[in-house]
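Laboratory data are not the source of any read-out in this text; all were calculated from the coordinates shown. None of these values were measured; they are calculated from a predicted model. Virtual Cβ from ideal backbone geometry, glycine too; neighbours counted across all protein chains shown.
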Ligand SMILES: *Cc1c(COP(=O)(O)O)cnc(C)c1O
Ligand code: SF4
């Protein structure tokens, strides 16, 4: 058992666009930087809190500071023309309605749900889609609780930004825990439910409990793991230490284990700086003490962590704190991608170089990995076959499980940043999965496991 926390901690305060003129930290910004921040944050989500401001950002090194780049919208994140449009509106003190309207137009062009996310992955019960769920990989269902659709601060590169800027039609909204539990009762192939968001840890412990509880019921013994994706460990570590219901949360984690399920925190950690504070270390210590597995993942982002030393240090630190390095992701094809993208060839060099500097305990990390339409695609190497320079790619999670661990080749291209940029190699004219994916879109193909159409009542044996 973890000792109850005794000291009172800070009360969470979120700051956004309307606080730009009043935050003391921002007095260091130049007039142009403030203007740019006001212009870009009307389009891209901007949210920060006092812990990130005071403890994570090195204000002597802005704008280059990696955490500043991680959290603060920058001029270069919009196209020049869009940027100018927004700056003009701010300079001439346009009304909020006009600013919002201009911002919406730009947001619509920024493609928030790539990779067939919405169309292909939604599970159904009796033909009705279950809102707020995705079932792309056979063993794992993603669940987006409606009350976990925000975060303690926002990452500027986040592909979920449409959820945060109120573009309502694009929103996932999951309030169907019970329907999902009913679906899962019939889907014994599912071993994991992964709570995601936003950040599910934004929910109070009581609400989180109400969302998790249905999955602990009898009839769901095949469900082995409750996984929670979160950045609270680094954006608001007090969630696990001094917040009023922090102890309740840790007690609940222990209870989940007592009730026979694994509890895993999928922690988003972008930079080793985030694990250096006493606050984050204490949070990690308390989480690990409950028997919760902490697995760490992050995308590789230019200006934030595009450096092998940064990753090597981060992975070593994760292992030292009792966590498991899990994924290095390639930045998704969405939002201000051009600002953050790292070519696949460079990503592979960074990954390999970082891997060579850490012990086997940190080599659990897989990457660089793209969450693309066919599945999670690993850039596994570069080699030469029959005088042709090729990327060796590997499916590590397939939309079709028979694709798992399948290797395929693409022409080497030093500038390519995503699977879509790649061409098949060695005389093939398409990648092996393309025909099947086309059929999925055209024929309304659904994976065998994604439907629950039956005449039974489908009720859980409570
Ligand atoms: C990454 C991912 C998962 C989880 O995959 P693991 O490899 O088990 O961590 C589940 N669903 C989707 C859609 C994902 O992208
Ligand atoms: S914490 Fe996660 S969901 Fe929230 S903004 Fe960052 S990447 Fe997006």
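What is the distance in Å between the Cα centres of the stretch 183-243 and the stretch 389-446?
Taking the Cα centre of each part, the stretch 183-243 and the stretch 389-446 sit 32 Å apart.
Above 13 angstrom, tally the Cα pairs of the stretch 202-259 and express them as a % of all pairs, no decimals.
Result for the distance tail: 64 percent.
On full extension of the chain, what length is gained from residue 356 through residue 50, given 0.36 nm per residue of separation minus the C-alpha to C-alpha distance?
Numbers: separation 306, 0.36 × 306 = 110.16 nm, distance 3.65 nm.
So the chain would gain 106.5 nm between residue 356 and residue 50.
Taking the simple approach of a point 7 Å from Cα along Cα-to-Cβ for both residue 189 and residue 92, what is their distance in nm?
So the two model labels end up 5.8 nm from each other.
Would you mind getting me the FRET efficiency between residue 13 and residue 60? Use the beta-carbon distance for r and R0 = 30 Å, nearest 0.05.
Once rounded, the FRET efficiency stands at 0.80.
Multiply the residue gap between residue 426 and residue 105 by 0.36 nm, knock off their C-alpha separation, and tell me the result in nm, one decimal place.
Value of the extension gain: 111.3 nm.
So what's the projected area for the chain, the Cα convex hull averaged over all directions, in nm²?
That works out to 23.2 nm².
For the ranges 82-95, 392-405, what's the packing order if you count other beta-carbon atoms within 10 Å of each residue, average per peptide, and put the highest first?
Values: 82-95: 15.1, 392-405: 17.7.
Per-residue mean Cβ counts within 10 Å order the peptides as 392-405, 82-95.
What does the highest-first list of 342-352, 56-66 look like by mean Cβ count within 10 Å?
342-352, 56-66
Please give the calculated 222 nm ellipticity per residue for the chain, where each DSSP H segment of at least 4 residues contributes -39500 (n - 2.57) and the sum is spread over every residue; nearest 500 deg cm²/dmol? All intermediate terms of the calculation are to be shown ahead of the outcome.
Values: 15 runs with 135 residues, N = 462.
Result for the chain: -8000 deg cm²/dmol, rounded to the nearest 500.
Any idea how far apart residue 442 and residue 140 come out in nm if each label point goes 7 Å out from Cα toward Cβ?
Between residue 442 and residue 140, the simple spin-label model gives 3.1 nm.
Over the chain, what is the relative contact order in percent, taking alpha-carbon pairs closer than 8 angstrom and at least six residues apart?
Computed over the chain, the figure is 14 percent.
Please compute the modelled spin-label separation between residue 262 and residue 248, points set 7 Å along Cα→Cβ, answer in nm with one decimal.
Calculated label separation equals 2.9 nm.
What's the FRET efficiency of residue 387 with residue 364 using the Cβ-Cβ distance as r and R₀ = 41 Å, to the nearest 0.05? Intermediate results must be reported in sequence, preceding the final value.
Numbers: r = 35 Å, r/R0 = 0.86.
Given R0 = 41 Å and the Cβ-Cβ separation, E is 0.70.
The stretch 14-108: percent of C-alpha pairs farther apart than 15 Å?
Working: 2632 of 4465 pairs.
The proportion of pairs with Cα distances above 15 Å equals 59 percent.
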